[in-house]
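Structure, as structure tokens:
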Amino acid sequence: MSAWLPWLNIFGVLFGALTTAAMLIWVERRLLAVWQDRYGPNRVGPFGLLQVVADVIKIFTKEDWIPPFADKPVFILAPAVVMTTVLMSFAVIPFAPGIGVVDFNIGLLFFLAMSSLSVYSVMLAGWSSNSKYSLLGGMRSAAQMLSYEVFMGLSLAGVVVMAGSFSLRDIVEAQRNVWFFIPQFLGLVTFLMAGLAETHRLPFDLPEAESELIAGYHSEYSGMKFGMFFVGEYLGIALISSFIVTMFFGGWLGPFLPPFVWFGLKTSVFVALFILLRASLPRPRFDQLMAFAWKAMLPLTLLNLVVTGGLVLAFGF
Amino acid sequence: MTLQDLRPLLPLLVLSAAIVTVMLVIAFKRDHRLTFALTLIGLVLSLAALPLASSGLPRTVTPLVVIDGFALFYIALVLAASLVVVIFSFSYLEKVAGNREEYYLLMMLATLGAVVLVVSNHFVSFFIGLETLSISLYTLIAYTRFERQRIEAAIKYLVLAAAASSFLLFGMALAYLVYGTMQFDQMSSPSNFSAADSALLTVGLAMLMVGIGFKLALVPFHMWAPDVYQGAPAPVTAFVATVSKGGIIALMLRLFAFVPLTLGSNLWNVFALIAILSMLAGNVLAVVQSNVKRILAYSSIAHFGYLLVAFLASNALSISSMTFYLVVYIITSLIAFGVITVLSHPQKEFEELEDYRGLFRQQRRPAIFLGLALLSLASLPPTGGLVGKIFLAAAGVESSLWLLLAALVIGSVIGVFYYLRVAITIFRQPEEESAVWTAPRLTPLAEVTLVLLSLGLIILGIFPAPLINLIEAVAARLG
Amino acid sequence: MVWLFYLAAAVALFCTVMVITRLNAVHALLYMVMALLSLALIFFLLGAPFIAALEVIVYAGAIMVLFVFVIMMLNIGPQSVDQERRWFNLSTWRGLVFIAGILLIELIIALRLGFPEPLDVTEVTPHQVSLSLFGPYLLGVELASMLLLAGLVGAYHLGRREQERPKK
Amino acid sequence: MTAIPLNHALILSAMLFTVGLVGLLVRRNIFFMLMSIEIMLNAAGLAFIVAGTRWGQPDGQVMFLFILALAAAEVSIGLALILRLYQQFKTMDVDAAHELQG
């Protein structure tokens, strides 16, 4: 029993994450439709639920074309990087007591490491496509992700200071009395921004910006490779949402319901928030985006860290 | 760390505060004069903080830093040299187009790096000080960034310095592996090393030596020196030649006061070979140069070779003679590069030997200052250079290092030849068409500084005793 | 777990050799990232999990990204590969590799002598590292901020684009 | 934890260091030279970690952190210089820049 429990966990999480990502595609389209007063996908299956399946079949059977001017090995590597890093990050998320792949004492750092590696997928895709729109998209994303990563780590530092550990399970346990979004509200806000930027969601989707860069870094991609970028983005949303829940909203903690359900419920709220943001916010200009990161977000996170550190030092809670 | 620990750190704190202030002022208001004034004030204040810091010494502040008389002396030296360089820089930077303010910021950062080197008692502070110095220098060398040769010099320096740093780091790692501590004053603890440990230590120290040798531009790690001296803006060259090297010498004296370098060991022999090569090659290569900055570069290689003679002697005279010689050398270099700086224009440096022809007729005072500096470099009376070299040689004689002394004498004789060649050029009849360059304005502050430095050089040549006594008092504390 | 160490070491070494022999800058960079990742694994096995994470976050995730960024800014495409090929002079390689080989052998002989017994690795936790970072090494942290300031100011000054007209 | 033969780790760091050195000496493209320097710095860092492990102290790791700080600063300046070099000499070849000669 205990010998294959880890394997059950691994495959459970893998399967769960991928299914969620696929479902999210449908959820997003339905929700957007609701907010924009349309129907959305509603033909294939009940409520259009099988739309995703149809899409997957289409994508799988499409010709997987590599442009002759592309740098082939790198071109193939790029979409694999995004899938790998995001799926690896799920390994450290504690879904519920006993559910989760590993309990890593540097779990938080592992998450940050994976998210910093995921920059490569976009950059390499942009470079290897050897087309100017892709290159511009890649450069934008490199600048954007580097800038937002800086305070992504810093925004979580307050939580680490309060919990006194990098282990995500310890962090959840430390929220028994009060969820960290109350004392760490600034941390939550800044992390949310950074998370949006890291997943290239609107309003931070400048690397792909359809209207100006014709899909940016993945213009040249088609078939399953495109599918991997596509699914990777939704995986990213699921990941960031569950991470927010773990860090700021007490993870699996909650009364009455089983822990896992609490985790799922909380995560869904944030997924919905991500989608709502897409429906409601316009896209900023690139220089505004960078200025926002360095001139507003970074000082805020530093302030948050200093105040948190000072309070913890003074009162030792 | 306690509040009492802050007091000895005062010079560093003042300097760091000045850096932050200058940075903030630049952020709100760009003004060359203002930044210059603030920089001067910062350096003077941190010099003024030295007496305040001098009570209750020596004091170890965290394992990283030790403040003692020796450290204070070298801090004073470094700060004063940097102050002089900043004074000379002003008129040069006035002619620079674009941002000039960052120059002062970087100059102070580099000075801070050198000060940290001087007070460091630990590999970590050694490394950070050295790198703060180097990182600032990369930018300073390329400061007027639209001149091609600046970029070339900076890239050469960066690549070689970074490689040297990695050698240094690897050496430190091996030393740490053997000692189990990175603190200098705990390394002397007589532990009975196994053969394995001493093998590791030898390799480690050899790699450390590569790093130090590079920074001092000793043969065979000297390749960067002529190019960087020539390629960098003249005031930055002055900085490289004085502050940066002074810091390293202080560090080397402190480190090797604890880490044994016994006479006749393999490591000692390698050091001796480096010294001889530096003295001979530096002087010989200087003879064939036609660019004054390059000549000074090769001459500095030779001079640090001379310093190694006293270093290798490792007797009672070593530290004091090296320190005295270093003081004289720094004053001399400051005069020489100061003259070059005030005569130079960022786009066209005053550096070719031909430019100097007839300088005496056109620019009487700078020519005299430069002539004096050349006399001192050639160790001729009435300058401090002569006293310094005798002092160095005395240290060598005491340990009977005849081979090294022979190289020192041969090197000095060759040296006299090319220094006098430059000196003679200055006093020759100018060619008719060479009057093209317009005489630059010597700012009063720069002129006063040059006069003071020259007076100091002569005083050291005639009455060296007070300084020697002071140095011996502070050096006694070390080791 | 010792086999994991040797595996990571082999990968690191292989990738490093690939880095210095590639003609295409981006390919070299990817090998470099691989080498850094396997080094991170080695750090982890040596009981330094904090450093392992930072190696990935800072080295692979930030410093190497800067390299890619510059490649993209300069738009170094396939044409530079041909140029590299011309610069790829085998005779210099042979000589230098020979000399470096001798150096390496000497190093190994010296290092092999050192403590042949495999040590039981005890993990040094992030907690311990932070305590000493903000304890005895406090001044080092402060000074490192000055180091980074120097890098920041320098990169800003050198990297600024606008052309300055020389004042006459 | 497991017993890793530390001298093998040390030998690995020496090998990486040498490979980096060879790369630095052989390549003419400034870009590869910078990368070789990074390799050498990393090798030195590995040696520090090994040393820290031998003594069971955090000092080796602390030193590595400072090496990271240095590497970041150095790379940013190095890359800025590369941009300048490329703008002024239109090449990444360091040997093409040879205005400084004695």
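If I take the Cα coordinates of the range B:137-242 and project them onto the principal axes, what are the three extents in Å, biggest first?
56, 22, 18
With charges only on Cβ, +1 for K and R and -1 for D and E, what is the dipole size of the protein assembly as shown about its Cα centre, in debye, rounded to 20?
Computed charge dipole of the protein assembly as shown: roughly 1480 debye.
Between B:Ala76 and A:Val269, what is the label-to-label distance in nm when each label sits 7 Å out along the Cα-to-Cβ direction?
6.8 nm
Show log10 I(q)/I(0) for the protein assembly as shown at q = 0.04, 0.08, 0.09 Å⁻¹, two decimals, from a solvent-free Debye sum over equal Cα scatterers.
-0.22, -0.85, -1.05
Given q = 0.17, 0.26 Å⁻¹, what are the Debye log10 I(q)/I(0) values for the range C:1-54, with equal point scatterers placed on the Cα positions and solvent ignored?
The Debye formula, applied to the Cα set alone, gives -0.51, -0.90.
Can you give the FRET efficiency for A:Ala314 and B:Phe427, using 1/(1 + (r/R0)^6), R0 = 51 Å, r = Cβ-Cβ distance, to the nearest 0.05?
0.10
Kindly flag which residue pairs out of B:Lys156/D:Lys90; A:Lys266/A:Lys295; B:Lys29/B:Lys215; B:Lys156/B:Lys348; B:Lys156/B:Lys215 have an alpha-carbon separation exceeding 24 Å in this structure.
A:Lys266/A:Lys295; B:Lys29/B:Lys215
Among D:19-30, C:126-137, how do they line up from the highest to the lowest mean number of other beta-carbon atoms within 10 Å?
By packing density, highest mean first, the sequence is D:19-30, C:126-137.
To the nearest 500 deg cm²/dmol, what mean residue ellipticity at 222 nm is calculated for the protein assembly as shown from DSSP H runs of n ≥ 4 alone, each contributing -39,500 (n - 2.57), summed and divided by the residues?
It lands at -24000 deg cm²/dmol.
Accessible area per residue of chain B at 1.4 Å probe, in Å²?
Heavy-atom SASA per residue in chain B reads 31 Å².
Give me the one-decimal nm value for the distance between modelled label points at B:Val451 and A:Phe256, 7 Å along each residue's Cα-to-Cβ direction.
About 9.2 nm separates the two model spin labels.
Among A:5-11, D:66-72, A:30-36, B:337-343, how do they line up by average Cβ neighbours within 10 Å per residue, starting with the highest?
B:337-343, D:66-72, A:30-36, A:5-11
Determine which residues of the range B:1-43 fall in the zone a paramagnetic label at C:Leu138 would reach in this model, i.e. backbone nitrogen under 20 Å from the point 7 Å along Cα→Cβ.
Only B:1-18 pass the distance filter.
I'd like to verify something in chain C: which complete DSSP H helices, judged by Cα projection on the helix axis, reach 27 Å or more and average at least -1.0 on the Kyte-Doolittle scale?
Helix filter hits for chain C: C:2-21, C:25-45, C:90-113, C:138-159.
Which of the peptides A:12-18, B:101-107, C:64-70 is most tightly packed, and how do the rest follow, judged by the mean count of other Cβ atoms within 10 Å per residue?
The densest-packed peptide leads the list: B:101-107, C:64-70, A:12-18.
Filter the DSSP H helices in chain B by two things, a Kyte-Doolittle mean of at least -0.5 and an axial alpha-carbon span of 30 angstrom or more, and list the hits by number.
Span-like helices, by this rule, are B:32-53, B:69-94, B:148-179, B:195-216, B:266-287, B:292-313, B:318-343, B:402-427.
Taking amide hydrogens as modeled 1.01 Å from N in the peptide plane, which residues meet the under 5 Å criterion relative to D:Arg27, leaving out close sequence neighbours?
none
Can you run the Rg to Rh ratio on chain B? Use alpha carbon positions and the Kirkwood inverse-distance Rh.
Rg/Rh: 0.95.
Using a basic spin-label model with each label point 7 Å from the Cα along Cα→Cβ, how many nm lie between C:Tyr156 and A:Val56?
Result: 5.1 nm between the two label points.
Need the C-alpha centroid separation for the range B:62-130 versus the range B:326-399, integer Å.
First find each Cα centre; the distance between them is then 22 Å.
Taking every pair of alpha-carbon atoms in the range A:1-46, what share in percent sits in each 10 Å bin, from 0 to the bin with the longest distance?
Pairs per bin, as whole percents: 25, 31, 20, 16, 7, 0.
With angles folded into 0 to 90 degrees, how steeply does helix A:51-61 sit against the dominant principal axis of chain A? Use alpha carbons for both and round to 10.
Orientation of helix A:51-61: about 50 degrees from the principal axis.
Looking only at other chains, what is the average number of their beta-carbon atoms within 10 angstrom of each beta-carbon in C:7-20?
5
Relative to the compact-globule scaling 2.2 N^0.38 Å, provide the ratio for the alpha-carbon radius of gyration of chain C.
1.36
Given Cβ point charges of +1 (Lys, Arg) and -1 (Asp, Glu) and nothing else, what value in debye, to the nearest 20, does the dipole of chain B about its Cα centre take?
480 debye
To the nearest 20 debye, what charge dipole does the range C:2-123 have about its Cα centre, counting +1 at the Cβ of each Lys and Arg and -1 at the Cβ of each Asp and Glu?
Rounded to the nearest 20 debye, it is 500 debye.
Once the dipole of the protein assembly as shown is set up with Lys and Arg at +1 and Asp and Glu at -1 on Cβ about the Cα centre, which of C:Met32, D:Pro5, B:Gln347 lies farthest towards its positive end?
B:Gln347
Could you work out how much longer the chain between A:Lys132 and A:Leu277 gets when fully extended? Use 0.36 nm per residue separation minus the Cα distance between them, nm to one decimal.
That works out to 49.3 nm of additional length.
What whole number of Å gives the distance from the Cα centroid of the range A:112-166 to the Cα centroid of the range A:17-90?
21 Å
Please work out whether the range A:44-168 counts as rounded, prolate or oblate from its C-alpha gyration tensor, where a ≥ b ≥ c are the square roots of the eigenvalues and a/c under 1.5 means rounded, while otherwise a/b larger than b/c means prolate and anything else oblate?
Oblate.
For the range A:3-100, what are the per-bin percents of Cα-Cα distances with bins 5 Å wide, up to the bin holding the maximum?
Computed distribution, short to long bins: 2, 10, 13, 15, 15, 15, 16, 9, 3, 1, 0.
Can you sort B:Arg30, B:Arg150 by solvent-accessible area, 1.4 Å probe, largest first?
Highest to lowest solvent-accessible surface, that is B:Arg30, B:Arg150.
Just counting partner chain Cβ atoms within 10 Å, what average do the residues of peptide B:120-133 show around their Cβ?
The per-residue average across the peptide is 6.
Hey, with R₀ at 41 Å, roughly what FRET efficiency would B:Glu472 and B:Ile410 work out to, going by the Cβ-Cβ distance, to 0.05?
According to the calculation, E is roughly 0.90.
Does anyone have the angle between helix A:259-280 and the longest principal axis of chain A? Alpha-carbon axes, 0 to 90°, nearest 10?
The angle comes out near 50 degrees.
For B:Ser54 and B:Asp185, what is the calculated FRET efficiency with R₀ set at 25 Å and r taken between the beta-carbons, to the nearest 0.05?
Calculated transfer efficiency: 0.80.
For q values of 0.19, 0.21, 0.27 Å⁻¹, compute log₁₀ I(q)/I(0) with the Debye formula on a Cα-only model of the range A:36-79, without solvent.
-0.71, -0.75, -0.95
If I fit a long axis through the Cα atoms of helix A:107-117 and take the longest principal axis of the Cα atoms of chain A, what angle between them do I get, 0 to 90°, rounded to 10?
Roughly 30 degrees, rounded to the nearest 10.
Tell me, how many Å apart are the Cα centres for the range B:273-304 and for the range A:236-307?
Measuring centre to centre over Cα atoms gives 63 Å.
How well do other chains shield peptide B:197-204, expressed as the mean number of their Cβ atoms within 10 Å of each residue Cβ?
Average per residue, whole number: 4.
The values are calculated or read from the model by the stated rules, or taken from the named source; none is laboratory data. If you're wondering where the values come from, they're calculated on a predicted model, not measured in any experiment. For neighbour counting, all protein chains shown are included, and Cβ atoms are generated from backbone atoms with ideal geometry for every residue, glycine included. These area figures cover heavy atoms from the full protein model, side chains too; ligands, DNA and RNA do not enter into them. Shrake-Rupley method; radii C 1.70, N 1.55, O 1.52, S 1.80 Å.
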